[in-house]
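Notes follow the structure.
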Amino acid sequence: MMNTANWKVTEAPTCPHCKAVMEQMDARYLDWESPYLWVCYNNECTLFKKGWNHMMESVGQLVSYRFMIHPQNGEAGVIPAFSHDYLEKRSKPMEPNPDE
Ligand SMILES: [Zn+2]
């Protein structure tokens with residue numbers, strides 16, 4: 001079992017941008033030194049919606065970012081997020097490249 005006694009945020013926090021309750025995202029295979037991150041999955045989140053335009057203008061890619069909080073040190077940040085249906089499309093075994 002994980003020892004989470006010293007973690008700053010172990011109960012679902014509320015997103016300051018949209019007031020949605022944040023959810024755990026599996027981060028075991030990511031480079032965050034934590035098994036999970038708190039992420040705002042609300043597609044109406046103001047930070048998420050603003051991100052679309054910003055990223056489209058700055059890098060020309062259809063990606064955005066979501067608000068996240070690191071459970072161990074309580075630091076807030078953002079993680080990149082692809083479009084809502086990106087992963088769904090790509091995960092269909094019979095349609096490896098549905099847009100081509
Ligand atoms: Zn939010």
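The values are calculated or read from the model by the stated rules, or taken from the named source; none is laboratory data. Just so you know, these numbers come straight off a predicted model, no measurement behind them. Here the Cβ positions follow ideal geometry from the backbone for every residue, glycine too, while neighbour counts run over all protein chains shown.
Annotations for the structure displayed:
- Selection count where residues are within 15 Å of the ligand (Cβ to nearest atom) and assigned to a loop (DSSP other than H, G, I, E, B), scope the stretch 13-36: 8
- Scanning the stretch 37-54 for residues that are near the ligand (Cβ under 8 Å from one of its atoms), over 12 Å from Gln24 (Cβ atoms) and of a type in the set (A, V, I, L, M, F, W, C) turns up Cys45, Leu47, Phe48.
- Selection status of Gly60, out of contact with any Asp or Glu (no Cβ under 6 Å at 6 or more places or on another chain), small (Gly, Ala, Ser) and at pLDDT 85 or above: no
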